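Let me begin by presenting the structure, written as structure tokens, before commenting on it.
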């Protein structure tokens, strides 16, 4: 039985913000003011497995970095939207392009730019250290902070509910 109070068998698409979700909220900057993001290896494993198993995975972030594209492309994610000023418009276009209904989509966000996107998704997820307003609308609050396994937590729950966690040879390699 899942710790998430949602019919996870319905989920076909999962969308992630980057800063504060797939990387910690506090990030170092280089001498030119560009952020250097950390990533979680267990998140990476779960993301690449989800792609291999046919889930639709997208990244929607207001930030921009060639490193973001390189990291997530390397995991098999091709739907990467950076400099997204109005995330709801991007989400709706992505859902239409993939034939997804709101109830089939989970969105993971941590701060105010994610607010209306989370309200549109069927399953709204927040890391433990998300902003108070985001936690107030989240259907599920992960027990971990952003950048420390939020994606793994959610994806593992979805795959377990759908009988896909560790049931394919694809699970045992990168």
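From the list 173, 99, exactly one residue is farther than 17 Å from residue 42 by Cβ, over 16 Å from the mean Cα position of the chain (by Cα) and surrounded by fewer than 17 Cβ atoms within 10 Å (Cβ to Cβ). Which is it?
So the residue among 173, 99 that is farther than 17 Å from residue 42 by Cβ, over 16 Å from the mean Cα position of the chain (by Cα) and surrounded by fewer than 17 Cβ atoms within 10 Å (Cβ to Cβ) is 99.
Could you check, for the stretch 106-118, whether at least one of its residues is modelled with pLDDT of 95 or more and at positive phi?
No, that holds for no residue.
Look at residue 153 and say whether it is within 11 Å of the chain's Cα centre (by Cα), under 21 Å from residue 23 (Cβ atoms), assigned to a loop (DSSP other than H, G, I, E, B) and modelled with pLDDT of 95 or more.
For residue 153, the condition - within 11 Å of the chain's Cα centre (by Cα), under 21 Å from residue 23 (Cβ atoms), assigned to a loop (DSSP other than H, G, I, E, B) and modelled with pLDDT of 95 or more - is not met.
In the stretch 137-152, what residues are surrounded by fewer than 22 Cβ atoms within 10 Å (Cβ to Cβ) and touching a strand residue (DSSP E or B) at 6+ places or on another chain (Cβ under 9 Å)?
137, 138, 139, 140, 141
Being touching a helix residue (DSSP H, G or I) at 6+ places or on another chain (Cβ under 8 Å), within 24 Å of residue 92 (Cα to Cα) and surrounded by fewer than 16 Cβ atoms within 10 Å (Cβ to Cβ), is that true of even one residue in the stretch 8-17?
Taking every residue of the stretch 8-17 in turn, at least one turns out to be touching a helix residue (DSSP H, G or I) at 6+ places or on another chain (Cβ under 8 Å), within 24 Å of residue 92 (Cα to Cα) and surrounded by fewer than 16 Cβ atoms within 10 Å (Cβ to Cβ).
May I ask you to list the residues in the stretch 117-142 that are in a loop (DSSP other than H, G, I, E, B) and either more than 17 Å from residue 20 (Cα to Cα) or without any contact (Cβ under 8 Å) to a residue 60 or more places away in the chain (or both)?
Answer for the stretch 117-142, where residues must be in a loop (DSSP other than H, G, I, E, B) and either more than 17 Å from residue 20 (Cα to Cα) or without any contact (Cβ under 8 Å) to a residue 60 or more places away in the chain (or both): 121, 122, 128, 131, 138, 139, 142.
Hey, among 52, 56, 87, which residue is surrounded by fewer than 17 Cβ atoms within 10 Å (Cβ to Cβ) and modelled with pLDDT of 95 or more?
52
Every residue in the stretch 158-170 that is more than 13 Å from the chain's Cα centre (by Cα) and either surrounded by fewer than 17 Cβ atoms within 10 Å (Cβ to Cβ) or closer than 20 Å to residue 122 by Cα (or both), please.
159, 160, 161, 162, 163, 166, 167, 168, 169, 170 - these are the residues of the stretch 158-170 that are more than 13 Å from the chain's Cα centre (by Cα) and either surrounded by fewer than 17 Cβ atoms within 10 Å (Cβ to Cβ) or closer than 20 Å to residue 122 by Cα (or both).
Looking at the stretch 102-116 only, could you name the residues that are closer than 19 Å to residue 6 by Cβ, over 12 Å from the mean Cα position of the chain (by Cα) and in contact (Cβ under 8 Å) with a residue 60 or more places away in the chain?
Selection gives 103, 104.
Modelled with pLDDT of 95 or more and closer than 30 Å to residue 172 by Cβ: does that describe residue 45?
So residue 45 passes the test.
The values are calculated or read from the model by the stated rules, or taken from the named source; none is laboratory data. This is a predicted model, so every value here is computed, not measured. Glycine also receives a Cβ, built like all others from the backbone with ideal geometry; neighbour counts cover every protein chain displayed.
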